[in-house]
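Structure record follows, encoded as structure tokens.
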Amino acid sequence: MSDTHAQSVAFVRQTVIPPAPPPATEAGAVKWVRENLFSTWANAIMTVLGVLIVFWLLSGLIPWIVNGTWEGENIRDCREILQGNGGGCFAVIAQRWEQFLFGFAYPEEFYWRPTLAFALLFVAVPPALFPMFLPRWTLLVTALYPFVAYWLIWGGSALGPVVAALGLIGGYYAFVSAEHRFGFFAGLVAGIVAAVLIWWIGGGLVEEFGRRVLRLSPVASRDLGGFMLNLILGIVCVSLSLPLGIALALGRQSRLPFIKGVCVIFIEFVRGVPLITLLFVANVVLAYFLPPGTNFDLIVRVVIMITMFSSAYIAEVIRGGLAALPKGQYEAADSLGLDYAQAMQLIILPQALKISIPGIVNVAVGLFKDTTLVSVISMFDLVGMIRGPILSSTDWAGGIYWEPWAFACILFFVVCYGISQYSQWLERQLRTDHR
């Protein structure tokens, strides 16, 4: 090569060739399709089968939606409008949407009350779900919301929720002051005594002045129904089962044999029986053990049973989070001189709850969907409304099946998907190990 000179070469290029684009099969959408969908014969066959299945589903679903009608007073009107074109009769949703949401017994003139309570939910929940973006005092709105919502939905005098809130506040301050001086158990007893005393005194005031102070027309629990009932049971039971599940998880790891035994028996028993049996106990059997003449609200009984059921599962999820922590975390708390309560509050539980978020959300989503089981004890939630007053009515019987169930699926999917998305966002916010 050393003997080769420029004048002896036929042609020498003086400019650089501009870069050429890659071949069409090695860039863009063609590359993605070739690598992800048709990379092998097996993947190509599975892709073709998947496309055929999706096409078969959409070929039936899209005409059912597009050709459907939202007009008509009954199934006969729908059939006359549709003329057998295969569309859905969505008129049942347009005509009965109030029963889907509020049940058939809730007074129509009071629909604004649960609607307002639902709207206030979007004001009360953010301080608890997004505490990093809102000032701490906004948690007061979250704490007051259950009492306001109860007053709006059930009605009656506002003095009742006010006395209930004062009892909890008084019990909390009595617990803090006594626990600081005499220990946790004495503080717990003092808090319970103070709360019961305030409720007892306040109950007399409610009886005396309740008829004249901020009174809304009362609505019986039996009149609640529709998707509103599912939301009430889901929100209340999830909110109550989380602290109870934490207490059960800590009790199961207690060194006191009695506390540990009680928690183990409770968790194993509740996990070993179906939820529907507990609901039957709440509806029928529990009344035999109450004093004669006792009027124990059915929704309260159902809330207690569902809360017990879900708290047992949440306790096991949190116990898994506690077991996943290395022993050094406990030793670090001991080395700092923290007592049991401080170590759990400041070091152990924050880490264990972060690990347990997927499991807790899984239980919460399952619990919200399990609220439909109350329909088997004659409570007209969303499923009960569809199975009973709507599908059995003379206007819609014999021709409506898919439309109301699809509407119910959409309502539950929206709520459950929202819970799932929030949990994923919260996990990303708490993921500090790789920052």
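Here the contact order of the range 168-228, divided by its residue count and restricted to Cα pairs under 8 Å and six or more residues apart, works out to 26 percent.
Surface listing: Ser221, Ser420 arranged by accessible area from highest to lowest gives Ser420, Ser221, probe 1.4 Å. Between the residues Gly384, Leu349, Ser310, the greatest Cα displacement towards the positive end of the dipole of the range 299-435, with unit charges on the Cβ of Lys, Arg, Asp and Glu, is found for Leu349.
Decide, for the range 231-363, between rounded, prolate and oblate: order the square roots of the alpha carbon gyration tensor eigenvalues as a ≥ b ≥ c, take rounded if a/c falls under 1.5, and otherwise choose prolate if a/b is larger than b/c, else oblate. If you can, show how the numbers build up before the last one.
Numbers: a/c = 2.55, a/b = 2.08, b/c = 1.22.
Cα axes put the range 231-363 in the prolate bin.
In whole angstrom, note down how far apart the Cα centers of the range 72-123 and the range 325-383 are. Rounded to whole Å, the Cα centres lie 37 Å apart.
Here the range 195-256 and the range 172-188 have alpha carbon centers that stand 23 Å from each other. Take 133-142, 310-319, 402-411 and order them by the average number of nearby Cβ atoms within 10 Å per residue, most first; the result is 310-319, 402-411, 133-142. Ordered from largest to smallest accessible area (heavy atoms of protein chains, 1.4 Å probe), the residues Arg271, Arg13 come out as Arg13, Arg271. Could you tell me which helices of the chain pass both thresholds, a Cα extent of 30 Å or more along their own axis and a mean Kyte-Doolittle hydropathy of at least 1.0, with helices taken as whole DSSP H runs? Qualifying helices, which must be both long enough and hydrophobic enough, are 41-66, 184-209, 226-252, 298-324.
What lysines sit close enough to Lys31 to cross-link, taking a C-alpha to C-alpha distance under 25 Å and skipping anything fewer than 8 places away on the same chain? By straight Cα distance, Lys31 reaches no lysines at all. Distant-in-sequence amide contacts of Leu216, defined by a placed amide H-H separation under 5 Å and a gap of 5 or more residues or a different chain, comprise Gly156, Ser157, Ala158.
Pull out a ≥ b ≥ c, the square roots of the eigenvalues of the alpha-carbon gyration tensor of the range 160-285, then state rounded if a/c is under 1.5, prolate if not and a/b is larger than b/c, and oblate in the remaining case.
Working: a/c = 2.56, a/b = 1.13, b/c = 2.28.
In terms of gyration-tensor shape, oblate.
222 nm [θ] for the chain, helices only, -39500 (n - 2.57) per DSSP H run of 4+, per residue, to 500? It lands at -21500 deg cm²/dmol.
In this structure, the amide hydrogen of Gly68, modeled 1.01 Å from its nitrogen in the peptide plane, lies closer than 5 angstrom to those of Gly88, counting only residues at least 5 positions away or on a different chain.
Please compute the contact order of the chain in relative form: average sequence separation of alpha-carbon pairs under 8 Å and at least six residues apart, divided by the residue count, as a percent.
Details: 431 pairs, mean separation 67.8, N = 435.
Relative contact order comes out at 16 percent.
Most tightly packed first, judged by the mean number of other beta-carbon atoms within 10 Å of their residues, the peptides 147-153, 37-43, 339-345 read 147-153, 339-345, 37-43.
The values are calculated or read from the model by the stated rules, or taken from the named source; none is laboratory data. No experiment lies behind these values; they were computed from the predicted model shown. Heads up, the Cβs are rebuilt from the backbone with ideal geometry, glycines too, and the neighbour counts pull from every protein chain shown. These accessible areas exclude ligands, DNA and RNA; they are computed on the full protein's heavy atoms, side chains included. Shrake-Rupley method; radii C 1.70, N 1.55, O 1.52, S 1.80 Å.
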